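Reading through the structure tokens given below for one structure.
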Amino acid sequence: MFDRRKFLHSSLLGSLGTLLGVKSFAAGEPPRLTTGQPVVISTWDDGLEANKAAWEILSRQGRALDAVEAGVRVTEASQNCCVGLGANPDRDGFVTLDASIMDESFNCGSVAFLERIKHPISVARRVMEKTPHVMLVGSGAQQFAIAEGFPLEPLELSEDAKRNYQQWLKTSEYKPVINIENRHPNGPSAPARLENGQWNHDTIGMVAMDAAGNLSGSCTTSGMGFKMRGRLGDSPIIGAGLFVDNEIGAVTATGQGEDVIRICGSHTVVELMRQGLSPAAACRRAVERIVKIKGEKAASIQVAFLALNKKGEVGAYAIQKGFSYALKNGKEEKLYRSESYFS
Ligand code: SD4
């Protein structure tokens, strides 16, 4: 049935977006591409900027692996965002970062609980390429980064994070917010904020296909704000926050990491695609699995998956509405609004 309120709401948002120069949102699945046409997709509104850097590489016949590293470095370096060293600290007041990367040949690397290093994604790539290991954590990861020439950044919190932390200390209650976006009026280049000024997500995940038809992915995060010291989420865990199987597809996740880990989320989505499901249907099936496990608690968490298959089809699904993802290929550069379990 025609819903006048919904129609007015979306027309209003559309006009506002146009006025502010914001790319309008598209609903549903993007058009299918064929292998050989490069494409990059990434989570949240910040994905628009990150995709541009990835596209620089993809459009020049570069490797998907280089593209996904370069893309998320933009977000890690951004002062305007909630990923990277400017982000919210843990409950003891320290920013700790997690990241993972995976190429078309099951090579993968990750770092977790990494402090004072600006580009954890590049350290993850060095772990993949220069060590016999997949994962380095904490002081060991930092030591490796320094040995590889990454500078040790100052310990100080960003102004935004300081303010958020002071605010949080008033109650010191760990209460993860449901990650949603598309609500801030200043367009995708503005930081995503809740009404109380806090950021509402902490991650960027990116997957891409290059002109050779190869897939790769990256994921980088400051983790959930005000987490316990030492807590890791899904993002640095291969198979949870990120998974790439070059025969099938590439998937990344965002949202409450504990619940992504519980079902080996990104790997699960790849396996569902292997069984013949489209990226969107596979993401949906994985989300439904989490919803079933969580029962009533599903209403208070967010998890979203974003997937690209070997045919160049793209899909996403989230528990809550308000998950956006950005797509860039030779034809379009757009933010898409994901379908969700709760509407
Ligand atoms: C985590 N999945 O550390 C991340 C958080 C996230 O947007 O995606 N926030 O659990």
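The table below gives the values:
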{"item": "Filtered residues of the stretch 232-249 (kept if in contact (Cβ under 8 Å) with a residue 40 or more places away in the chain, more than 9 Å from the ligand (Cβ to nearest atom) and outside any strand (DSSP E or B))", "result": "I237, N246, E247, I248"}
{"item": "Helices (runs of 4 or more DSSP H) within the stretch 1-95 that include 2 or more residues within 22 Å of Y317 (Cβ to Cβ) and at pLDDT 95 or above", "result": "47-58, 64-77"}
{"item": "Unique residue being open to solvent by 30 Å² or more (accessible area, probe 1.4 Å), touching a His at 6+ places or on another chain (Cβ under 8 Å) and at pLDDT below 90 when the list is R193, R183", "result": "R193"}
{"item": "Among (1) open to solvent by 50 Å² or more (accessible area, probe 1.4 Å); (2) among the charged types (D, E, K, R); (3) within 25 Å of G223 (Cβ to Cβ) - the single one D259 does not satisfy", "result": "(1)"}
{"item": "Matching option when the condition is more than 22 Å from A208 (Cα to Cα) and away from the ligand (no atom under 16 Å from the Cβ), among G295, G322", "result": "G295"}
{"item": "Residue that is surrounded by the fewest Cβ atoms within 10 Å (Cβ to Cβ), among those in the stretch 206-228 that are within 14 Å of the ligand (Cβ to nearest atom) and farther than 17 Å from M135 by Cβ", "result": "M228"}
{"item": "Residue that is farthest from T131 (Cα to Cα), among those in the stretch 147-161 that are assigned to a helix (DSSP H, G or I) and touching a residue at least 12 places away in the same chain (Cβ under 8 Å)", "result": "D160"}
{"item": "Extreme residue, surrounded by the fewest Cβ atoms within 10 Å (Cβ to Cβ), among residues of the stretch 79-108 that are polar (S, T, N, Q) and touching a Gly at 6+ places or on another chain (Cβ under 7 Å)", "result": "Q79"}
{"item": "Check on D103, farther than 29 Å from W168 by Cβ and either within 18 Å of the chain's Cα centre (by Cα) or among the hydroxyl-bearing types (S, T, Y) (or both)", "result": "yes"}
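The values are calculated or read from the model by the stated rules, or taken from the named source; none is laboratory data. This one's a predicted model, so the numbers in the text were calculated from it and none came from an experiment. Glycine gets a Cβ as well: all are built from the backbone with ideal geometry, and neighbour counts include every protein chain shown. These area figures cover heavy atoms from the full protein model, side chains too; ligands, DNA and RNA do not enter into them. Shrake-Rupley method; radii C 1.70, N 1.55, O 1.52, S 1.80 Å.
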